[in-house]
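In what follows, a single structure is set out as structure tokens and then discussed.
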Amino acid sequence: MAAVVEVEVGGGAAGDRELDEVDMSDLSPEEQWRVEHARMHAKHRGHEAMHAEMVLILIATLVVAQLLLVQWKQRHPRSYNMVTLFHFFFVPLYFTVKLHWWRFLVIWILFSAVTAFVTFRATRFFFVQTTPRLVYKWFLLIYKISYATFFFGYMAVMFTLFGLNLLFRIKPFFFMDFGISLLFYGLYYGVFFWDFAEMCADYMASTIGRCSASTSSASAAGASWERSRRVPTAKRR
């Protein structure tokens, strides 16, 4: 099988014909991946200049987009946070449903339901005294879970790169996929719920400020009303 792949990669039209005639049903998953890899190289042979131009355009686009995002965040932080939070919330959901990643969808629904309840409690004009503690505990728990998930994913990737997965008799492909999945879960939920924590903190701070201002105004009005009542009484005496 390895000899066939070598002919296909560097054998020109004859190698391409042999590549198309390979029966994939009799091959193992690893051999099928090698054949697909060889087909990709044969398909893109002679396109090196075009690929270099595409890479340069991609790098330029990323640099310009980064500059625009930084300016947007500095000039209009509220709209920036709302738009990025919206994309973080719904774009993965679209790809999850389209690609049938049901495990991610179930975890996303559970975490989103609890976070929606906590956010609802935190964004009320008058919230109960236990709401700040609830918000703190929930997002602290999310932080710890995300940190631990990312840490174990990183360790799984490092174990695979150094070949330590063989000590547990686990295949490299499975161990690497497991580690990358944990890295993705840790990064996604850590960054995603960090934005929600900032939003809840801003809402609670503004609510507490409004309540403090209204309380101070009410106290001042009450004190002035009491003074106005006492002054005529003192004059009559």
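The values are calculated or read from the model by the stated rules, or taken from the named source; none is laboratory data. A quick note: this is a predicted structure, and the numbers were derived from the prediction, not measured. As a convention, Cβ positions derive from the backbone with ideal geometry for all residues, glycine included, and neighbour counts pool all protein chains shown. Each accessible area value is taken on the protein alone, full model and side chains, heavy atoms only, with ligands, DNA and RNA left out. Shrake-Rupley method; radii C 1.70, N 1.55, O 1.52, S 1.80 Å.
Contact list please: Cβ distance under 8 Å, first residue in region 75-94 and part of a helix (DSSP H, G or I), second residue charged (D, E, K, R), pairs at least six apart or on different chains. Every condition considered, the pairs that remain are Tyr80/Lys73; Asn81/Asp195; Asn81/Glu198; Thr84/Asp195; Leu85/Asp195; Phe88/Asp195. Evaluate region 64-74: report whether one residue or more is open to solvent by less than 60 Å² (accessible area, probe 1.4 Å) and touching a residue at least 60 places away in the same chain (Cβ under 8 Å). No - not one qualifying residue is present in region 64-74.
Please work out if Ile170 is over 27 Å from Val83 (Cβ atoms), at pLDDT 85 or above and open to solvent by 30 Å² or more (accessible area, probe 1.4 Å). No. Among the numbered conditions (1) at pLDDT 80 or above; (2) surrounded by 13 or more Cβ atoms within 10 Å (Cβ to Cβ), the only one that Ala148 does not meet is (2).
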